[in-house]
């Protein structure tokens, strides 16, 4: 399987090499950096309306806030980029931005 040469492609390539089943839906966690807890709570409500399961958390080391949004989906490069762009567009007016994604591998 071929993947683009960028951070998202590298992550997919690594998951593929690790044997993750790309034909099975995975719980993908998207991270949206937000300026503070109140903004995160407000944004998580907006994102829930867009079909995401969301919660907010603060990084213990950096003390930065993030809205974590999960979605069950097939791992597909173009779809991952589309969702990150959508999260950027939605979060930008709130002072947030899309800050990557990850998959919990059992």
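Bear in mind these aren't lab numbers, they're just calculated from the coordinates by the rules spelled out. Model, not experiment: these values are computed from the prediction. Please note: Cβ atoms are built from the backbone with ideal geometry, for glycine as well, and neighbour counts cover all protein chains shown.
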In degrees, nearest ten, helix 77-91 long axis to first principal axis of the chain (Cα):
0 degrees
For the chain, find the longest principal axis of its Cα atoms and tell me its angle to the long axis of helix 37-49, 0 to 90°, nearest 10.
60 degrees
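Please list the three semi-axes, largest first and in whole Å, of the ellipsoid equivalent to the chain, using sqrt of 5 times the eigenvalues of its alpha carbon gyration tensor. If you can, show how the numbers build up before the last one.
On the way: eigenvalues 127, 38, 33 Å².
With the √(5λ) rule applied to the chain, the semi-axes are 25, 14, 13 Å.
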Quick calc: nm separation of the 7 Å Cα→Cβ label points for residue 18 and residue 41 -> 3.4 nm
Give me 67, 54 sorted ascending by neighbouring Cβ count inside 10 Å, so fewest comes first.
54, 67
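Give me 20, 74 sorted ascending by neighbouring Cβ count inside 10 Å, so fewest comes first.
74, 20
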With each label point set 7 Å from Cα along the Cα-Cβ vector, what nm distance links residue 48 and residue 104?
1.9 nm
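What number does the stretch 7-64 give for Rg over Rh if you use C-alpha atoms and the Kirkwood radius?
Values: Rg = 14.8 Å, Rh = 13.8 Å.
Taking Rg over the Kirkwood Rh, I get 1.08.
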Under 15 Å from a label point 7 Å along Cα→Cβ of residue 94: give me every residue in the stretch 45-65 with its amide N that close.
45-58, 65
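Sort 37, 71, 23, 17 so that the residue with the fewest other Cβ atoms within 10 Å of its own Cβ comes first and the one with the most comes last. Kindly include the intermediate steps, with their values, before the conclusion.
Details: 37 12, 71 19, 23 6, 17 9.
Ascending number of Cβ neighbours within 10 Å: 23, 17, 37, 71.
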Degrees, to the nearest 10: 7-17 long Cα axis against longest axis of the chain:
50 degrees
